[in-house]
Structures are given as C-alpha cells and as structure tokens.
Amino acid sequence: MICEKCNQEIDTIVCNSCNETLLKLGPFCYLCGKRLDTNVEDTENKPESEEEIDFSKRILCSDGTCIGVVENGVCKVCGKPYVPELP
C-alpha cells in the first residue's frame, strides 16, 4: 500500500481472524482486536498463559468528551477520576 501523503510504501498484514488487510500499526488488529500473527515462529513458541485483551472489560472515561480508558481509578488520558453512572 502506498501512503497518500509521502508516496512511501506502508507495511500491511492480513489478520488471521477477520481476514482483512491492515496497516501494520501494532500487535493487534484494529478491526477485531485479536493478536496479529506477525511471525509464524512467534505464534508457535507463544506461551499458552498469554491471554488476548478483552476489550469488553475496559472502563471508559466518564467524561463524555475524553477517549481515555480508566486504570487504577483515573483516566489514562485526561487524569480525571472515574465517576460511575448512576442507575
């Protein structure tokens, strides 16, 4: 794939889970969230104790304008404390 701005080649990879062609931006698919198999040898030697990230258990920042995730009671982006929604 060629970058529209700099006309340089961009590395791509095909996700083994959703079969989409992705820009190689990190170790996880940005469409389905599964770990990308960047190297066949790495997946064969990967310890079984390594777990996939469960995005359904994330706590998003309670500030409606922030995109951060809460960790240890505060947002990692804006630093505001987490305030749970009332039922």
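The values are calculated or read from the model by the stated rules, or taken from the named source; none is laboratory data. Computed from a predicted structure; not experimentally measured. All Cβ positions, even for glycine, are placed from backbone atoms using ideal geometry, and neighbour counts span all protein chains on display.
Report, by residue number, each residue of segment 26-54 that is modelled with pLDDT of 80 or more and either part of a strand (DSSP E or B) or of a type outside the set (Gly, Ala, Ser) (or both). If the condition is that a residue be modelled with pLDDT of 80 or more and either part of a strand (DSSP E or B) or of a type outside the set (Gly, Ala, Ser) (or both), then Pro27, Phe28, Cys29, Tyr30, Leu31, Cys32, Lys34, Arg35, Leu36 are the ones that fit.
Going by the structure shown, is Leu22 modelled with pLDDT of 85 or more, touching a Gly at 6+ places or on another chain (Cβ under 8 Å) and aliphatic (A, V, I, L, M)?
The answer is no for Leu22.
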